[in-house]
Structure formats: structure tokens, C-alpha cells
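One structure below.
The values are calculated or read from the model by the stated rules, or taken from the named source; none is laboratory data. These numbers come from a predicted model, not from an experiment. In this analysis, Cβ positions are derived from the backbone assuming ideal geometry, glycine residues included, and neighbour counts consider all displayed protein chains.
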Amino acid sequence: MSNYTIERVNTGVPGLDELVEGGFPKGDTILIAGKAGTGKSILAIQFLYNGAVKYGETGVLVTLEEPPRLIKRNMMNFGMDLAKLEKERKLAIVDLSPSKEVTPVTMGEFPSFDLSGLEAIIMSHVKKLKATRVVIDTLSILAYKFRSRDILREEFFKLTANITKSGVTLLLTSEIPEHHLGLGVFDVEAFLASGVLVLYNEKISDTLRSRSIEVLKLRGSKHSSRIHPMRITEVGVRVFPGEISPGV
Ligand SMILES: Nc1ncnc2c1ncn2[C@@H]1O[C@H](COP(=O)(O)OP(=O)(O)OP(=O)(O)O)[C@@H](O)[C@H]1O
Ligand SMILES: [Mg+2]
């Protein structure tokens, strides 16, 4: 393979790889944005699960919001046994959820707050497991810590660049606040990410909502420019690449 060929990392999420030329570009940072409950966490964790089970790639999940106990319980509904992957050393879950009193994220507040502690923790797990997939869920929690957009941008840039420089593919989730027009806090995440996926769960009538997914950008890729239906089924997120969403 030449130096100029983009290596693709399969997500294994049914239907999704078809929208992105077979997978995410290896070593890139991909943002998954969406309002609350749109399926960001499930999709991101599916990427790790499939990596470990189908593609022989180990992963690190950094959870800043949901405690691992609940994540494991919820993913079990989709037949995904994360505890087993942990035991097999195919997955590390880094618990930085609010249930923990002191974390590298709560230690410092502005103006001293930076992301170097978080980076060190992530990289130590990446090295230990030789991980090639990392998920940070969610970036929004971190972004709220910063008072200045410039510092935030710089810190995020350092963090994502250092994690991905050895070929790790990084997925970040970001919550779009209700009634918000942009992609998230300060919209910096989209500026930094090489790719942006947006998940929707829009009301299409008084009694119906419809889930869909859009590849907003993906550098170096000829991706779908349509909004496609998506469902959360007994196997997790499922995308329907041959259909166009009626909803959005
Ligand atoms: N077993 C299931 N079957 C079908 N749908 C489910 C199932 N479990 C969860 N869901 C749907 O998935 C949603 C949660 O998905 P997820 O946690 O990935 O959302 P999120 O975008 O990460 O939300 P948040 O912004 O709150 O973190 C639930 O609100 C529910 O609608
Ligand atoms: Mg979530």
C-alpha cells in the first residue's frame, strides 16, 4: 500500500461503512455530534466493540458522563459484553464519570485547567493494551471547563494530535444542546475533527420521531451527502444506506 493510500478502519456498524468509503481514515479524529438520546454513546461503543471482536483491534473507552456499570448493563441489551472484553484485555474503560470524586478532569479549574493529565492517562492505557481505537464520551463535559475558546481549541488540538499521531483512530462524542444551531460547545470540536457525523432524532409528526444520520464532513473521502435513516435495534445502531430519511 502506498503512503498516499488512505487506510480505512471499519466501524462494523451495519450500514455505516458504506457511507464512508469502507470506514474511517486510520489515525483520524471523528466527531459524533447529536442531541441528547440520539445514539452517540451506543454508536461510539459499537465502534470499540466491533474493533475488538471483529477486527482484532483493542480499544480504550474514556467515559466522562455515564459510569461504566451502567454502560456495561446497557450494552448487554445489544449482546455486547464489555466486561468480557475487559477481562480479555481487548478493552479498557477509563472511568472519569462524575461519580468519581477526584479525576484529572476535576483536579484543575480554569485558568490552570489543561488536558495533559487526561492525555497521560489515555496514553498509558493505549500503550498497555496496544490500542488502536479510542473513544472519548463526551467532549462536551470537558469543553464546559474552559472559559476561553482559544485555550479550549489549543488544548483539544494537542490532545487529539497526541493521541492519533501513532495511528490511533479517535472518536469523540459531543452533545448538541436542544435548540442549538451549531454542533456543540463553542463548535470547536467540529473545527478540529477530520470527520463529523451528526445523529438526529427529529419529530416528524405529533406522534412520531425518526432517527437518521448524516456524514457532514470526512476529509479525504467521497462520502454520502444524504441523510440516511438509522435505527437502534437489538444489535445496536443500524444505518440504512440505500434509503433516504423522510424526517429531516
Ligand atoms: N435496547 C434498546 N432498544 C432500542 N433503543 C434503545 C435501546 N437502548 C437504548 N435505546 C435508545 O437509545 C437512546 C440512548 O442512546 P445513547 O445513550 O447512545 O444516546 P446519546 O446520544 O449518547 O445520549 P446522551 O446525549 O444522553 O449521552 C435511548 O434514549 C433510547 O432511545
Ligand atoms: Mg451519551
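Here is how the numbers come out for the structure above:
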| read-out | value |
| --- | --- |
| Single residue of the stretch 122-180 satisfying the filter (polar (S, T, N, Q) and within 16 Å of ligand 1 (Cβ to nearest atom)) that is surrounded by the fewest Cβ atoms within 10 Å (Cβ to Cβ) | S140 |
| Where D137 falls short, out of the listed (1) within 16 Å of ligand 2 (Cβ to nearest atom); (2) under 20 Å from A33 (Cβ atoms); (3) at pLDDT below 95 | (3) |
| Evaluation of L19 against (1) in contact with a Phe, Trp or Tyr (Cβ under 6 Å, 6 or more places away or on another chain); (2) assigned to a helix (DSSP H, G or I) (one fails), failing number | (1) |
| Residue match in the stretch 232-244 (condition: hydroxyl-bearing (S, T, Y), away from ligand 1 (no atom under 16 Å from the Cβ) and at pLDDT 90 or above) | no |
| Checking S148 against (1) farther than 22 Å from L48 by Cα; (2) among the small types (G, A, S); (3) within 16 Å of ligand 2 (Cβ to nearest atom), the condition it does not meet | (3) |
| Conditions (1) under 15 Å from the mean Cα position of the chain (by Cα); (2) on the phi < 0 side of the Ramachandran plot; (3) not β-branched (V, I, T); number of the one not met by E7 | (1) |
| Of all residues in the stretch 216-246 being among the small types (G, A, S) and surrounded by fewer than 17 Cβ atoms within 10 Å (Cβ to Cβ), the one that is farthest from the chain's Cα centre (by Cα) | G242 |
| In the stretch 71-119, the residues that are modelled with pLDDT under 95 and small (G, A, S) | S97, S99, G108, S112, S116, G117 |
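Condition check ((1) hydroxyl-bearing (S, T, Y); (2) more than 20 Å from V135 (Cα to Cα)) across all residues:
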site: I163; (1), (2): no, no
site: T169; (1), (2): yes, no
site: E175; (1), (2): no, no
site: L199; (1), (2): no, no
site: L208; (1), (2): no, yes
site: I213; (1), (2): no, no
site: S224; (1), (2): yes, yes
site: F240; (1), (2): no, yes
